[in-house]
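Following: one structure in structure tokens, then a few remarks.
The values are calculated or read from the model by the stated rules, or taken from the named source; none is laboratory data. Note that the structure is a prediction, hence the values are computed from the model and not measured. Here the Cβ positions follow ideal geometry from the backbone for every residue, glycine too, while neighbour counts run over all protein chains shown. These area figures cover heavy atoms from the full protein model, side chains too; ligands, DNA and RNA do not enter into them. Shrake-Rupley method; radii C 1.70, N 1.55, O 1.52, S 1.80 Å.
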Amino acid sequence: AIGLGLLLGLFQGFLIGKLDIPAFVVTLGGLGAWRGATLVFSEGQPISGFSKDFKFWGQGFVGRVPVPVIIFLLFVLVAFIILRYSQYGRWIYALGGNREAARLSGLNTTWLTISVYAISGFCAGVGGFLLTSRLNSAEQVAGQNYELQAIAAVVIGGTSLFGGVGGVIGTLIGTLLIGVLNNGLVILNVSPYWQPIVIAIILVASVFFDQLAKKRRR
């Protein structure tokens with residue numbers, strides 16, 4: 001799963017970085033294509049009956065700490081170090097801020113774009129692996145609407161949808177807020193049909209305030 005996520009990320013990065021196909025089109029098309037591929041592969045049936053070792057990654061504990069939490073914090077730490085202290089991290093910010101300016105500054109924006117999408121695919125593969133292990137079942141519909149929650153988390157955490165601004169710590173805070181919000185809605189016995197609506201409203205509001213802050217800075 002992780003290897004496949006990496007390969008698909010490389011493929012989408014190639015379409016975006018080398019062939020200059022708009023990222024929104026590639027990622028949206030990929031969302032539909034890969035989700036459809038899971039239905040074809042599984043013939044629409046859930047896959048279950050995993051080994052105890054496999055379930056450990058999603059349901060196990062190290063001491064009193066769940067294994068998925070440890071993996072999550074490890075990814076946060078690695079991403080923070082790379083973005084804050086490495087040259088590659090500075091290149092990513094430059095690419096997000098202005099791709100043409102980054103290219104004129106001597107950066108290989110094609111390779112950089114492909115690498116970023118490869119990393120994204122790798123992380124998606126890890127997420128899918130952990131979710132399957134946690135549920136003890138490979139469900140074709142598992143993870144639906146997670147893309148909306150992911151966008152909302154990073155925007156709430158201060159990442160600009162227009163690129164070049166943001167950080168891992170802010171995304172961590174945004175993720176925790178979304179998690180608390182989802183759990184709170186469940187505790188309050190709010191219908192699950194309303195939860196995507198609430199997340200969408202928060203996302204739009206976050207983008208609005210981001211735009212407002214930009215105008216004030218200008």
Of the residues that make up the range 183-199, is at least one open to solvent by 40 Å² or more (accessible area, probe 1.4 Å), among the aromatic types (Phe, Trp, Tyr) and assigned to a helix (DSSP H, G or I)? no
If Trp34 satisfies all but one of (1) modelled with pLDDT under 95; (2) closer than 16 Å to Leu130 by Cβ; (3) open to solvent by 50 Å² or more (accessible area, probe 1.4 Å), what's the number of the condition it fails? (2)
Report, ordered by the first and then the second residue, all pairs with beta carbons closer than 6 Å, sequence separation of six or more or different chains, a first member in the range 196-218 that is farther than 17 Å from Glu147 by Cα and at pLDDT below 80, and a second member that is open to solvent by less than 40 Å² (accessible area, probe 1.4 Å) and assigned to a helix (DSSP H, G or I). none
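Given the options Phe24, Phe11, Phe41, name the one that is open to solvent by 70 Å² or more (accessible area, probe 1.4 Å) and closer than 22 Å to Val141 by Cβ.
Details: Phe24 fails: closer than 22 Å to Val141 by Cβ; Phe11 fails: closer than 22 Å to Val141 by Cβ.
The match here is Phe41.
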Helices (runs of 4 or more DSSP H) within the range 85-181 that include 3 or more residues buried (at least 16 other Cβ atoms within 10 Å of the Cβ): 87-97, 109-135, 146-156
Of the conditions (1) among the hydrophobic types (A, V, I, L, M, F, W, C); (2) open to solvent by 50 Å² or more (accessible area, probe 1.4 Å); (3) within 30 Å of Thr38 (Cβ to Cβ), Val65 fails just one. Which one is it? (3)
If Gly29 meets every condition in (1) open to solvent by 50 Å² or more (accessible area, probe 1.4 Å); (2) assigned to a helix (DSSP H, G or I) apart from one, which number is that one? (1)
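Could you tell me which of the residues Ile21, Ile82 is assigned to a loop (DSSP other than H, G, I, E, B) and among the β-branched types (Val, Ile, Thr)? Before the answer, list the steps.
Working: Ile82 fails: assigned to a loop (DSSP other than H, G, I, E, B).
Exactly one of Ile21, Ile82 is assigned to a loop (DSSP other than H, G, I, E, B) and among the β-branched types (Val, Ile, Thr), namely Ile21.
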Within the set of pairs 6 or more residues apart or between chains, which connect a residue that is closer than 21 Å to Gly60 by Cα inside the range 134-149 to a residue that is charged (D, E, K, R) and exposed (fewer than 13 other Cβ atoms within 10 Å of the Cβ) with Cβ atoms less than 8 Å apart? none
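Would you call Ala101 farther than 19 Å from Thr175 by Cα and either under 14 Å from the mean Cα position of the chain (by Cα) or modelled with pLDDT under 95 (or both)? Write out each step before concluding.
Values: farther than 19 Å from Thr175 by Cα: yes; either under 14 Å from the mean Cα position of the chain (by Cα) or modelled with pLDDT under 95 (or both): yes.
Considered against the rule, which asks whether it is farther than 19 Å from Thr175 by Cα and either under 14 Å from the mean Cα position of the chain (by Cα) or modelled with pLDDT under 95 (or both), Ala101 comes out as yes.
The rows are residues; the columns are (1) at pLDDT below 95; (2) aliphatic (A, V, I, L, M).
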| position | (1), (2) |
| --- | --- |
| Ile114 | no, yes |
| Tyr117 | no, no |
| Val154 | yes, yes |
| Ser160 | yes, no |
Contact list please: Cβ distance under 7 Å, first residue in the range 69-95 and among the hydroxyl-bearing types (Ser, Thr, Tyr), second residue open to solvent by less than 80 Å² (accessible area, probe 1.4 Å), pairs at least six apart or on different chains. Tyr88/Ile82; Tyr93/Gly164
Do you know which residues across the range 44-55 are outside any loop (DSSP other than H, G, I, E, B) and surrounded by 13 or more Cβ atoms within 10 Å (Cβ to Cβ)? Ile47, Phe54, Lys55
